[in-house]
């Protein structure tokens with residue numbers, strides 16, 4: 001059975017709700033452990049070979065404090081051999097200039113440390129101006145906009161998790 005650490009802040013209601021949907025979508029064939037990023041340490045993070053990281057984008061394209069405070073530790077990690085998938089929440093209307101930038105910021109940090117990013121998704125069906133989470137026309141993870149496209153969230157999660165099941 002594949003073990004996956006699903007790491008996000010338990011204190012963010014919208015991210016938490018979607019993390020639980022992601023865990024449920026994996027079903028019983030995967031051992032998905034929910035981990036609070038606000039309480040994780042380096043040893044726990046590094047104990048997972050397969051990770052799903054959840055991150056909302058704050059303000060004008062910033063990481064939330066809890067991810068930002070963990071970045072100095074991440075910058076010291078050796079992540080070669082680890083597979084990391086990212087999901088993030090954003091508002092493509094209200095923050096069209098930095099839609100889901102949190103995904104891009106974490107993706108860059110993980111890749112610099114040697115991790116393999118999986119779970120890239122199409123940017124079709126979204127309408128925004130700019131995002132550092134885009135590379136070659138794809139998001140570097142799953143972009144969720146529950147403010148403007150809530151009706152698409154469950155379908156997007158289901159399709160993404162099916163993709164991850166093949167990539168992990």
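Kindly provide the set of residues from region 95-119 that are assigned to a loop (DSSP other than H, G, I, E, B) and surrounded by 19 or more Cβ atoms within 10 Å (Cβ to Cβ), ordered by number.
If the condition is that a residue be assigned to a loop (DSSP other than H, G, I, E, B) and surrounded by 19 or more Cβ atoms within 10 Å (Cβ to Cβ), then 95, 98, 99, 100, 115, 119 are the ones that fit.
Pairs under 6 Å by beta carbon, first residue part of a helix (DSSP H, G or I) in region 132-157, partner at pLDDT 95 or above, six or more apart or different chains?
153/144; 153/146; 157/21; 157/22; 157/25
Any residue at all in region 120-139 that's buried (at least 22 other Cβ atoms within 10 Å of the Cβ) and on the phi > 0 side of the Ramachandran plot?
Within region 120-139 (the criterion being buried (at least 22 other Cβ atoms within 10 Å of the Cβ) and on the phi > 0 side of the Ramachandran plot), the answer is no, since none of the residues qualifies.
Output the residue which, of all residues in region 74-94 that are in contact with a strand residue (DSSP E or B) (Cβ under 8 Å, 6 or more places away or on another chain) and not in a loop (DSSP other than H, G, I, E, B), is farthest from residue 167 (Cα to Cα).
89
Residues in region 158-168 that are in contact with a helix residue (DSSP H, G or I) (Cβ under 8 Å, 6 or more places away or on another chain) and part of a loop (DSSP other than H, G, I, E, B): how many?
0
Which residues, taken from region 20-68, are within 14 Å of the chain's Cα centre (by Cα) and more than 24 Å from residue 97 (Cβ to Cβ)?
20, 21, 22, 23, 34, 35, 36, 37, 50, 51, 52
Any idea which residue in region 28-42 is surrounded by the most Cβ atoms within 10 Å (Cβ to Cβ), counting only those that are modelled with pLDDT under 95 and not in a loop (DSSP other than H, G, I, E, B)?
Residue satisfying both the conditions and the ranking: 42.
I'd like to check something: does region 113-125 contain any residue that is without any contact (Cβ under 8 Å) to a residue 12 or more places away in the chain and within 26 Å of residue 150 (Cβ to Cβ)?
yes
I'd like to check something: does region 32-41 contain any residue that is closer than 17 Å to residue 161 by Cβ and touching a helix residue (DSSP H, G or I) at 6+ places or on another chain (Cβ under 7 Å)?
Yes - at least one qualifying residue is present in region 32-41.
Which of the numbered conditions does residue 17 fail, given that it passes all the others? Conditions: (1) within 15 Å of the chain's Cα centre (by Cα); (2) over 18 Å from residue 139 (Cβ atoms); (3) modelled with pLDDT under 95.
Going through the list (1) within 15 Å of the chain's Cα centre (by Cα); (2) over 18 Å from residue 139 (Cβ atoms); (3) modelled with pLDDT under 95, residue 17 breaks only (3).
For region 50-73, what are the residues that are surrounded by 14 or more Cβ atoms within 10 Å (Cβ to Cβ) and part of a loop (DSSP other than H, G, I, E, B)?
57, 61, 63, 64
State yes or no: is residue 18 in a loop (DSSP other than H, G, I, E, B) and in contact with a strand residue (DSSP E or B) (Cβ under 9 Å, 6 or more places away or on another chain)? Full working, then the answer.
Numbers: in a loop (DSSP other than H, G, I, E, B): no; in contact with a strand residue (DSSP E or B) (Cβ under 9 Å, 6 or more places away or on another chain): yes.
No.
The values are calculated or read from the model by the stated rules, or taken from the named source; none is laboratory data. All of these numbers come straight from a predicted model, not from anything done at the bench. Virtual Cβ from ideal backbone geometry, glycine too; neighbours counted across all protein chains shown.
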